[in-house]
Amino acid sequence: MSFISSFRGTVSQGLVLEIGETVQILEKSEGWYRGFSTKRPAIKGIFPASYVYLKKAVITNRGQYETAVPLEDPIITEVTSTLQEWAVLWKQLYVKHKVDLFYKLRHVMTELIDLRRQMLSAQLMQEQLREVKRHITVRLDWGNEHLGLDLVPRKEYVMVDPDQFSISDLYRMHLSSRHSVQQSMSQGDSGKQRHGDTCRGLVPHHLFVSLKSFTYNTIGEDTDILICLYDNREAKPISEKFLVRLNKNGAPKNPERVDRLCALFTDLSNKDLRRDLYILAHDGAQDR
Amino acid sequence: MNQEDFQSRPVLELREKIQPEIVELIKQQRLNRLCEGTCFRKISTRRRQDKFWYCRLSPNHKVLHYGDLEENPQAEVPHDSLQEKLPVADIKAVVTGKDCPHMKEKGALKQNKELLELAFSLLYESDEYLNFIAPDKHEYSVWMDGLNALLGKEMTSDLTKSDLDTLLSMEMKLRLLDLENIQIPEAPPPIPKEPSSYDFVYDCN
């Protein structure tokens, strides 16, 4: 399934392929395969069988729309796809002249390529393999965090399918990933970095707001009140707004719908809590 | 895939094919750097305090804005402090080192080899020059590359060579990830005879 030489597609229906591309084979005939590159699944064509190195794969959904997943340790697959995702962002770091992260990430990518090679080539003992996997996952998590990508939930170093675990399980996995990232960072780096990390803690907070009554001196007609969280220092709202309808006495318009008078502001970070935070009530018509 | 496989013909071909994309990235980076601008030192023969001037490229890459500054800026230089401008289209040539008028005029400076390596001038009109002395070798390379890119010329600095190597070698390693432990042939294998029919067979094994 891996391409070992470039093919310019010199025959009719030929598929142009570069060395290193991964192809999925659909059909075969007289020394030729018909298939597609996994980068461009829509374009199908034929290519010489001698140009292809076959790898074992698991086929699901057999037939016209089958998909092949290479039969290898899932961590290898994850490293491959993650490195390819990072490469795009890494080049953007270069163009935007973010020198520091550019070189740090390059170092980590090179380490990952080497670790991946170790996993593929050497006959590792069970214990060594665990150690290599630990090194790999710490680096994957580090990079994803610094590039602002999602943290991957994992168990025993392997990525898990988020649909098969409960929210609280996923949360615990995230927490342990974060711990290992922080540990590995604090070993090498200065205390300053550790401090920076705690500021960006992931622990979310929720704020429940329930409106009991509302008075204001000019209320004399039906009013729409918009409520949001407001950072006084940056002078801007940091949450979405929620709407309460009041009658001219300042009482809720629909008193029977008590649930309409409550709002839950979710996922506030530690950083948010450290803001100069206000609950801002805003008249639908004008500022008050 | 081993280190020496990076020399095989199919790999070298791929490297050559990717190179233009990478050069384009370097070009974008240099132009971005010119848009951020640089603070240049003014040199005077009299031993007065150093004076500064700032030059940057407009975001649409058409005009160089520049102007004098009192001191080396710590924050971004506001737009209205750079009153002078030079349209890129008016630039006739870029000269460097001892060909720069400001390196010829001031006899005393000729001795200073360090300054010669940092000096460049833009010729506009028929004999008007805008004269620069870069703060360091790195900034000199950035400006020479950026100006060459602006004028549609090749970027030739050592910095470009090393950036190209950094970016290209990573790109190659990533493209060839799936060839780990697989022998790459020295030359492409022969292409078989074109299939006699296009009745390809689905093969479950």
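The values are calculated or read from the model by the stated rules, or taken from the named source; none is laboratory data. Computed from a predicted structure; not experimentally measured. Glycine gets a Cβ as well: all are built from the backbone with ideal geometry, and neighbour counts include every protein chain shown.
Considering only residues that are surrounded by 12 or more Cβ atoms within 10 Å (Cβ to Cβ) and over 32 Å from the mean Cα position of the chain (by Cα), look in the range A:255-279 and name the one that is modelled with the lowest pLDDT. Checked the range A:255-279; the qualifying residue modelled with the lowest pLDDT is A:R260. Answer yes if at least one residue in the range A:44-54 is at pLDDT below 90, assigned to a loop (DSSP other than H, G, I, E, B) and not assigned by TED's automatic domain parsing to the domain that holds A:M159, and no otherwise. Within the range A:44-54 (the criterion being at pLDDT below 90, assigned to a loop (DSSP other than H, G, I, E, B) and not assigned by TED's automatic domain parsing to the domain that holds A:M159), the answer is yes, since at least one residue qualifies. The set of residues from the range B:152-185 being more than 10 Å from chain A (Cβ to nearest Cβ) and either over 24 Å from the mean Cα position of the chain (by Cα) or not small (G, A, S) (or both) comprises B:K153, B:E154, B:M155, B:T156, B:D158, B:L159, B:T160, B:K161, B:L164, B:D165, B:L168. Restricting the range A:105-121 to residues that are facing chain B (nearest Cβ under 7 Å) and over 11 Å from A:V132 (Cβ atoms), the residue that is surrounded by the fewest Cβ atoms within 10 Å (Cβ to Cβ) is A:S121.
Can you confirm whether the range B:131-141 contains a residue that is of a type in the set (K, R) and at pLDDT below 90? Steps first, please.
Residues of the range B:131-141 of a type in the set (K, R): B:137.
Okay, now just the ones that are also at pLDDT below 90, so none.
No, every residue in the range B:131-141 fails to be of a type in the set (K, R) and at pLDDT below 90.
One residue stands out among those in the range A:49-71 that are within 12 Å of chain B (Cβ to nearest Cβ) and touching a helix residue (DSSP H, G or I) at 6+ places or on another chain (Cβ under 9 Å): the one that is farthest from A:G14 (Cα to Cα), which is A:P70. Within the range B:151-186, being of a type in the set (A, V, I, L, M) and farther than 30 Å from A:L71 by Cβ holds for B:L151, B:M155, B:L159, B:L164, B:L167, B:L168.
For beta carbons closer than 8 Å, sequence separation of 6+ or different chains, a first residue in the range B:189-201 that is of a type in the set (D, E, K, R) and a second that is assigned to a loop (DSSP other than H, G, I, E, B), the qualifying pairs are B:K193/A:E30; B:K193/A:G31; B:E194/A:V11; B:E194/A:S12.
Going by the structure shown, is A:L149 more than 14 Å from chain B (Cβ to nearest Cβ), touching a helix residue (DSSP H, G or I) at 6+ places or on another chain (Cβ under 8 Å), surrounded by fewer than 19 Cβ atoms within 10 Å (Cβ to Cβ) and modelled with pLDDT under 90?
Details: more than 14 Å from chain B (Cβ to nearest Cβ): yes; touching a helix residue (DSSP H, G or I) at 6+ places or on another chain (Cβ under 8 Å): yes; surrounded by fewer than 19 Cβ atoms within 10 Å (Cβ to Cβ): yes; modelled with pLDDT under 90: yes.
Yes, satisfied.
The residues of the range A:96-129 that are more than 25 Å from B:L25 (Cβ to Cβ), in a helix (DSSP H, G or I) and free of Cβ contacts under 8 Å to residues at least 24 places away in the same chain, listed by number, are A:R117, A:Q118, A:S121, A:Q126, A:E127, A:Q128, A:L129. Within the option set A:I19, A:I46, being of a type in the set (A, V, I, L, M, F, W, C), within 8 Å of chain B (Cβ to nearest Cβ) and touching a helix residue (DSSP H, G or I) at 6+ places or on another chain (Cβ under 7 Å) holds for one residue only, A:I19. Within the range A:62-86, the residues that satisfy the criterion of being in a helix (DSSP H, G or I) and more than 15 Å from the chain's Cα centre (by Cα) are A:P74, A:I75, A:I76, A:T77, A:T80. Criterion applied to A:I225, A:I219 was being modelled with pLDDT of 75 or more and surrounded by 10 or more Cβ atoms within 10 Å (Cβ to Cβ), and the one residue passing it is A:I225. B:V95 meets all of the listed conditions (1) more than 17 Å from the chain's Cα centre (by Cα); (2) under 29 Å from B:I22 (Cα atoms) but one, namely (1).
Pairs are defined by a Cβ separation below 9 Å, a sequence spacing of at least 6 or placement on different chains, a first member in the range A:44-59 that is under 18 Å from B:I191 (Cβ atoms), and a second member that is of a type in the set (K, R) and surrounded by 14 or more Cβ atoms within 10 Å (Cβ to Cβ); the pairs so defined are A:G45/A:R34; A:I46/A:R34; A:F47/A:R34; A:A49/A:K28. Cβ separations smaller than 7 Å between residues 6+ apart or across chains give the following pairs from the range A:220-244 residues that are in contact (Cβ under 8 Å) with a residue 24 or more places away in the chain to residues that are hydroxyl-bearing (S, T, Y) and not in a strand (DSSP E or B): A:C228/A:S239; A:L229/A:S239. Whether any residue in the range B:71-82 is part of a strand (DSSP E or B), touching a strand residue (DSSP E or B) at 6+ places or on another chain (Cβ under 7 Å) and either over 30 Å from B:L168 (Cβ atoms) or modelled with pLDDT under 90 (or both) is what I want to check. No; the residues of the range B:71-82 include none that is part of a strand (DSSP E or B), touching a strand residue (DSSP E or B) at 6+ places or on another chain (Cβ under 7 Å) and either over 30 Å from B:L168 (Cβ atoms) or modelled with pLDDT under 90 (or both).
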